1. Which members of region 135-177 meet the condition of being part of a loop (DSSP other than H, G, I, E, B), near the ligand (Cβ under 10 Å from one of its atoms) and in contact with a strand residue (DSSP E or B) (Cβ under 9 Å, 6 or more places away or on another chain)?
2. Counting only residues that are exposed (fewer than 12 other Cβ atoms within 10 Å of the Cβ) and over 19 Å from D221 (Cα atoms), how many does region 162-176 have?
3. Can you name the condition, by its number, that G41 falls short on among (1) more than 14 Å from L197 (Cβ to Cβ); (2) touching a residue at least 40 places away in the same chain (Cβ under 8 Å); (3) not in a loop (DSSP other than H, G, I, E, B)?
4. When only residues in region 50-108 that are assigned to a helix (DSSP H, G or I) and hydroxyl-bearing (S, T, Y) count, which is surrounded by the fewest Cβ atoms within 10 Å (Cβ to Cβ)?
5. Can you tell me how many residues within region 1-18 are surrounded by 19 or more Cβ atoms within 10 Å (Cβ to Cβ) and either basic (K, R) or assigned to a loop (DSSP other than H, G, I, E, B) (or both)?
6. Any chance region 109-126 includes a residue that's more than 22 Å from G42 (Cα to Cα), at pLDDT 95 or above and buried (at least 20 other Cβ atoms within 10 Å of the Cβ)?
7. Suppose the filter is away from the ligand (no atom under 16 Å from the Cβ), assigned to a loop (DSSP other than H, G, I, E, B) and of a type outside the set (D, E); does A131 pass it?
8. Looking at (1) in a loop (DSSP other than H, G, I, E, B); (2) more than 16 Å from the ligand (Cβ to nearest atom), can you tell me which one L123 breaks?
Amino acid sequence: MREVVVYPDMLTLTHAAAERIAQAAEAALVARGRFTIALSGGNTPRALYQLLASEEYQGRIDWENTYFFWGDERCVPPDDQQSDYHMAREAMLNHVPVPMSHIFRIRGEIDPQQAANDYERLLRDFFVSRAVGNEPQPRFDVQLLGMGENAHTASLFPHTPAIDERERWVVAQYVEEVAMWRVTLTPPALNASALILFLVAGAGKAEPLAQVLGQEQRPQDLPAQVVHPVDGELVWLVDREAAKLL
Ligand code: 6PG
């Protein structure tokens, strides 16, 4: 099931995303006593993370029983300004009572292939041991994703091998376009989530968004097209600027 919701601006989009996450967290805690969320990097989610850590939302999340993961990471040290982990720490994790042991970052400071192998093992240990029924794994309650102006998502960039990965959950790849190594969840790992929330804002995303949501499937050019939850919901939260060609 795919849902596209258009908001007037970034502020309303961010509040809508926070509300969806808070509701998903409440439901997960009732159902399983824990909430798992995979964060995305980039700029768009920063305001969302700040909002979740604010007075308005901080009481809505049971931080003691929440577990944080990442959909991808740049292969840089955790205190580097480019680190997705660093951004989430500054915007949210330093300001909420989540136990350090519940924050599972991708180790961008070590060899990329080793970081990918370690993260895959971590995910398998965490999720398979807690699996409920025959839900797809890794069963993130929420997978947050953004989309670049080239229609990449996580670190699935156009014409990179990770787009076609169907066995492994985590891979490392050198991305020419950004001249850096990245570690990323793969389509099977992303698509095992219960709720996938794309946050897309700004006029620069209008063209790629219209193509990604269009009929023509060409995931090598438009990697965000590989995102289809196996047994879950796909929700695009977009602002009016990004939606203007829909
Ligand atoms: C990253 C993200 C990436 C991001 C898009 C959109 O590590 O950069 O995971 O996939 O979501 O690049 O980024 P903006 O939100 O900054 O446009």
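1. Within region 135-177, G146, M147, H152, A154, S155, F157 meet the criteria.
2. Taking region 162-176 and keeping what is exposed (fewer than 12 other Cβ atoms within 10 Å of the Cβ), we get 166-167, 176.
Filter once more, so that each one left must be over 19 Å from D221 (Cα atoms): 167.
Selection size over region 162-176: 1.
3. (3)
4. Here is the first cut: in region 50-108, the ones assigned to a helix (DSSP H, G or I) are 50-52, 55-58, 63-65, 84-91, 93-95, 100-102.
Now narrow it down to the ones that are hydroxyl-bearing (S, T, Y): 57, 85, 101.
Details: Y57: 20, Y85: 25, S101: 7.
For region 50-108, the residue satisfying everything is S101.
5. So the count comes out to 0.
6. Within region 109-126 (the criterion being more than 22 Å from G42 (Cα to Cα), at pLDDT 95 or above and buried (at least 20 other Cβ atoms within 10 Å of the Cβ)), the answer is yes, since at least one residue qualifies.
7. Spelling it out, A131 is indeed away from the ligand (no atom under 16 Å from the Cβ), assigned to a loop (DSSP other than H, G, I, E, B) and of a type outside the set (D, E).
8. Unmet condition: (1).
The values are calculated or read from the model by the stated rules, or taken from the named source; none is laboratory data. Everything numeric here is computed off the predicted structure, so don't read it as measured data. Cβ sites come from the backbone with ideal geometry, for glycine too, and all protein chains shown count toward neighbours.
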